[in-house]
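Nothing in this text is a laboratory measurement; each read-out follows from the coordinates by a stated rule. Given the structure is predicted, the values throughout are model-derived calculations rather than measurements. Cβ sites come from the backbone with ideal geometry, for glycine too, and all protein chains shown count toward neighbours.
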Number of protein chains: 2
Amino acid sequence: MTTVREADAIDAPSADPESRLHDDHHDALRLWLRLLTCTLLIERRIRAQLRDSFAMTLPRFDLMAQLERAPAGLKMSELSRRLMVTGGNVTGLTDQLVGEGLVVRKRVPGDRRAQAISLTPAGRRAFAAMAEAHERWIIALMDGLSQSERDRLYGLLGRLKRGVAAMPTQEHA
Amino acid sequence: MTTVREADAIDAPSADPESRLHDDHHDALRLWLRLLTCTLLIERRIRAQLRDSFAMTLPRFDLMAQLERAPAGLKMSELSRRLMVTGGNVTGLTDQLVGEGLVVRKRVPGDRRAQAISLTPAGRRAFAAMAEAHERWIIALMDGLSQSERDRLYGLLGRLKRGVAAMPTQEHA
């Protein structure tokens, strides 16, 4: 999944979404672009580290993380829903992981057409090792904040999340 | 660019990356997954609104936003770098926007092989209308936070951003 272009993007210097701001932009827009920048910077680090340490892509790691939480397996539709991200091809990712013996497709009892996807024992072991490293990387990346700053940031993001979720989706311009 | 699968993901209910947490996970990991969830929730709203109001995809909007800041145009390599995101095909996106008359490719004087991409006058007008709506949507999405909460969140994310940027990239597990 890693292309030359993707590798270039990972190692690119610090241009970021905040660079597109004008002086007269509303503070809410500044806040959004900073939030997006933080997410992209952390994701870029994690992506590079998964690649270098485990030859793993982030979409495949995210897929395995969802399966790890569902020992009974997930239907393809539910897996797509949980992954939230757009642009990834869940079927293609699953095919690759099946090919490597990390994931398996099984029939769903009582539903002739549906299949459930779950981790194999090898997939579970591989994911455990990656998840431990992933948590360590995240702890290091958040280390610029004190415990109290992390707590406050967590609380404020919780308020933001609830505010966004409470907003009706049909409220278009 | 919008596929059926992408549309499904946009309208999916509230499962999010935070759902994969275990009780014994470090607070830094909780914080990261909440940050990621907020970004994905807001991005999903913006994606749906750009689609419904302007028949525009988010990657194309982001590309036009970068060009709007560079009236003299950007080389393809610089445009890829500024977009930061992986997985998008900058050449493909540019081809579409050229086809719609919103973006133009020009020779770079003194560099026979390079081309600079810039907005056409029509592209500039179209972007101005979208950017105004985009800012309005973001203001509405952030409305669950008070001005003082937004200020604090902005400050904390600034500290996080500096902390991540200061971390050496070669620090792998």
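Take B:Asp52, move 7 Å from Cα toward the beta carbon, and the resulting point lies 4.3 nm from the same point in each other copy, nearest first. The same position B:Gly155 in the other copies lies at 1.4 nm from this copy, comparing label points 7 Å beyond Cα toward the beta-carbon, shortest first.
Would you please classify the overall shape of the stretch B:66-173 from the alpha carbon gyration tensor, given that a ≥ b ≥ c denote the square roots of the eigenvalues, rounded means a/c under 1.5, and beyond that prolate means a/b larger than b/c while oblate covers the rest?
On the way: a/c = 2.73, a/b = 1.37, b/c = 2.00.
Oblate, because a/c is 1.5 or more while a/b does not exceed b/c.
Near B:Lys75, which lysines are there with a Cα under 30 Å away, not counting those fewer than 8 places off in the same chain? Result set, ordered by chain and number: B:Lys106, B:Lys161. With a 10 Å cut-off around each Cβ of A:89-95, the average count of Cβ atoms from other chains is 1. Find every distance from the label point of A:Thr120 to the corresponding label point in the other copies (7 Å from Cα along Cα→Cβ) and write them in nm, one decimal, shortest first. Copy-to-copy label distances for A:Thr120: 5.3 nm. Residue ranges B:147-154, B:162-169, B:73-80 sort as B:73-80, B:147-154, B:162-169 when ordered by packing (mean number of other C-beta atoms within 10 Å per residue, highest first). The stretch between B:Arg159 and B:Arg113 holds 12.5 nm of extra length on full extension. This uses 0.36 nm per residue minus the Cα-Cα distance. Measuring from the axis that maps chain A onto chain B, the chain A residue with the nearest beta carbon and its rounded distance in angstrom come out as A:Thr39, 2. Peptide A:57-68 is shielded by partner chain Cβ atoms: per residue, an average of 2 of them sit within 10 Å of its Cβ.
The distance separating the Cα centre of the stretch A:141-165 from that of the stretch A:118-132 comes to 29 Å.
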